[in-house]
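Chemist: Next up is a structure, given as C-alpha cells.
The values are calculated or read from the model by the stated rules, or taken from the named source; none is laboratory data. Because the structure is a prediction, the values reported are computed rather than measured. Cβ sites come from the backbone with ideal geometry, for glycine too, and all protein chains shown count toward neighbours.
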Amino acid sequence: MKEIKLEAVVRDTRGKGAARSLRREGLVPGVLYGYKTDNMALAVKQSDLLKILHDPKKRRMVVELIIKDNGGTSKKVIIKDVQNDVIRHLPIHVDFYALDETRKMRVEVPVTLTGEPIGVKNGGILRHHMDEIEVKCLPHDIPEEVTIDVSDLDIGDAIFLKDLKTQVKYEFVGDPAQIIVSVEHPAAEAEVVEVEEEEMEVEEGAPAAEAEKEEKEEKSEE
C-alpha cells in the first residue's frame, strides 16, 4: 500500500477552549500514541485530514506523520479514531497510532468487484454481501483494496472468503464460509420485497385489529 504524508504541529495548550480556537483556524486537534511513543498532543489541517478520510482507500493507508515543530520528526501511523461533529459531520478530534513496522496487524480493506457476471446478463441479481474484508499483514503490506472478478458467476453462484486466492504479503481473516458476493434469481428478490410488504401490512393493521377486539370485549361485558 502506498504511504501518504500528513503534517502536524505540537499543541502547547489543551482544553475545550483551546480546541475551539484551533478549529476556528482550520485545524483539528489530535493525539499521537502507540509503539515506542510518548503521548503527544498535535493538530493537523482539517483540509488535509479530510482528503484522507473521504477516500476509502486512503483512510486505511499507513500515514507518515511529519511533526513540523519537533525537528521534522516523522512517525509511521494509522488513523485509529476520529470524532465528528454530529451536525456538520466534520472531524473535531483525531487519534494517531504509531506502528511497529515489524509486527503484523489487522485492518479492513475495501472490496472492489470487476466484470459483469454471466448470471446478471441472464437476468440475475448481483448481491454484494461484504464491502470490506479484514486482512492480517505488516503495515507496509496493507493492500489498497481486494479485487474480485465476478465475470464467471451464474445465477445461484457465490464467492466465499475461502475461495479467495492466497496472497504472499497478507492473509484473509474471518469465517471461510462467509459469502462475499452472489448472483441470485430474480424470484428471490421478489420474495424479499413481498415479505417486507406483508410485514408492513401486519404492522399497519395491528392497531385496527386491537381496537376491534377491545370493542367486542366491551359489548360482551354489557
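Chemist: Are any residues in region 44-82 assigned to a strand (DSSP E or B) and among the hydrophobic types (A, V, I, L, M, F, W, C), and if so, which ones? Write out each step before concluding.
Modeler: Within region 44-82, the first condition is being assigned to a strand (DSSP E or B), and the residues that meet it are 44-45, 63-67, 73-82.
Correct list: VAL44, VAL63, LEU65, ILE66, ILE67, VAL77, ILE78, ILE79, VAL82.
Chemist: Please tell me if ASP100 is of a type outside the set (Gly, Ala, Ser) and part of a loop (DSSP other than H, G, I, E, B).
Modeler: Here the answer is yes, as ASP100 does meet what is asked.
Chemist: Also: Residues in region 9-26: is at least one surrounded by 13 or more Cβ atoms within 10 Å (Cβ to Cβ) and touching a Phe, Trp or Tyr at 6+ places or on another chain (Cβ under 8 Å)?
Modeler: Looking for residues that are surrounded by 13 or more Cβ atoms within 10 Å (Cβ to Cβ) and touching a Phe, Trp or Tyr at 6+ places or on another chain (Cβ under 8 Å), one finds none in region 9-26, hence no.
Chemist: Also: Taking region 8-26 on its own, how many of its residues are under 30 Å from LYS57 (Cα atoms) and either outside any strand (DSSP E or B) or touching a helix residue (DSSP H, G or I) at 6+ places or on another chain (Cβ under 7 Å) (or both)?
Modeler: 8
Chemist: When you go through GLY30, GLY26 one by one, which is the residue that is of a type outside the set (Lys, Arg) and out of contact with any His (no Cβ under 8 Å at 6 or more places or on another chain)?
Modeler: When all the criteria are applied, what remains is GLY26.
Chemist: Evaluate the following for ASP95: is it within 19 Å of LEU22 (Cβ to Cβ) and either loosely packed, with under 13 Cβ neighbours inside 10 Å or at pLDDT 95 or above (or both)?
Modeler: yes
Chemist: May I pose another question? Identify, by number, the condition in (1) surrounded by 13 or more Cβ atoms within 10 Å (Cβ to Cβ); (2) more than 30 Å from GLY26 (Cα to Cα); (3) without any contact (Cβ under 8 Å) to a residue 60 or more places away in the chain that ASP131 doesn't meet.
Modeler: The failed condition is (1).
Chemist: Where the second residue is exposed (fewer than 13 other Cβ atoms within 10 Å of the Cβ) and in a strand (DSSP E or B) and the first is in the same structural domain as HIS89 (by TED's automatic domain parsing) and lies in region 19-41, which pairs have Cβ atoms under 9 Å and are six or more apart or on separate chains?
Modeler: Within 9 Å, the pairs are VAL31/ASN39; LEU32/ASP38; LEU32/ASN39; TYR33/ASN39.
Chemist: May I pose another question? Give region 57-73 a look and list any residue that's touching an Asp or Glu at 6+ places or on another chain (Cβ under 6 Å) and at pLDDT 90 or above, or say none.
Modeler: Matches in region 57-73: VAL62, GLU64, ILE66.
Chemist: Only one of (1) free of Cβ contacts under 8 Å to residues at least 60 places away in the same chain; (2) surrounded by 16 or more Cβ atoms within 10 Å (Cβ to Cβ); (3) not assigned by TED's automatic domain parsing to the domain that holds ASP175 fails for GLY72. Which number is that?
Modeler: The one condition GLY72 does not meet is (2).
Chemist: Do we have VAL168 as at pLDDT below 95 and out of contact with any Lys or Arg (no Cβ under 8 Å at 6 or more places or on another chain) here?
Modeler: It is true that VAL168 is at pLDDT below 95 and out of contact with any Lys or Arg (no Cβ under 8 Å at 6 or more places or on another chain).
Chemist: Output the number of the condition that PRO143 fails; it satisfies all remaining conditions of (1) at pLDDT below 95; (2) more than 24 Å from ARG59 (Cα to Cα); (3) outside any helix (DSSP H, G or I).
Modeler: Failed condition: (2).
Chemist: Might you let me know whether region 83-92 holds any residue that is in a strand (DSSP E or B), among the hydrophobic types (A, V, I, L, M, F, W, C) and more than 15 Å from VAL62 (Cα to Cα)?
Modeler: yes
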